[in-house]
Amino acid sequence: MKTITTTLLVLLMIVSCNSNDSNVKYSYSYNSDGVIKREMTVKNNKNDIDIEMKGNATFNDDETAITQLTPGGSINYRNKDTKLTAASSKEGIKISIEKNNSKISATSDTGKEIIKEAITHIKKLQQKHK
């Protein structure tokens with residue numbers, strides 16, 4: 001009986017330790033110019049996130065804005081019914097946000113909240129594959 005209890009406790013610990021990242025998938029590759037492409041998918045009860053990122057991004061101190069993006073770089077972020085795309089251009093970084101198929105201004109309170117949430121996940125992806 002003691003062996004069975006110990007075995008069950010060990011199995012429970014293994015499952016609980018692996019459950020945090022069990023629904024998170026990461027991948028990365030480099031194109032012929034040496035620019036990194038990263039991807040992350042998170043699926044659990046709280047999130048259904050897909051991120052595809054080309055290049056590197058930097059953010060302001062309070063993580064509410066993308067301040068730099070590699071020339072030619074882009075970010076495609078989706079969490080359930082919310083989408084954010086960012087692309088570098090000669091004029092700077094262009095950001096487009098949609099929620100429930102309605103456009104949201106990046107400068108609105110809702111837009112800033114979406115950007116902040118996206119940055120949290122984007123930073124995690126960048127840190128995973130530097």
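Throughout, read-outs are computed from the coordinates displayed, never taken from laboratory work. What you see is a predicted model; the values in this text were computed from it and never measured. Because the Cβ atoms are built from the backbone with ideal geometry, glycine has one as well, and the counts that use them run over all protein chains shown.
So what's the convex hull volume per residue for the Cα atoms of the range 23-130, in Å³?
Given the Cα convex hull of the range 23-130, per-residue volume reads 100 Å³.
Can you figure out the FRET efficiency of Ala87 with Asn45, using R₀ = 41 Å and their beta-carbon distance, to the nearest 0.05?
Plugging the Cβ-Cβ distance into 1/(1 + (r/R0)^6) gives 0.85.
Would you kindly state how much longer the chain becomes between Lys123 and Lys37 on full extension, computed as 0.36 nm times their sequence separation minus their alpha carbon distance, in nm to one decimal?
Stretched out fully, the Lys123 to Lys37 stretch lengthens by 29.6 nm.
Sketch the reach of a paramagnetic label on Lys80 as a point 7 Å from Cα along Cα-to-Cβ, and name the residues of the range 98-130 whose backbone nitrogen lies under 20 Å away.
Output list for this probe position: 98-105, 109-122.
Under a crude label model (7 Å from the Cα following the beta-carbon direction), how far is Lys25 from Asp62 in nanometres?
3.7 nm
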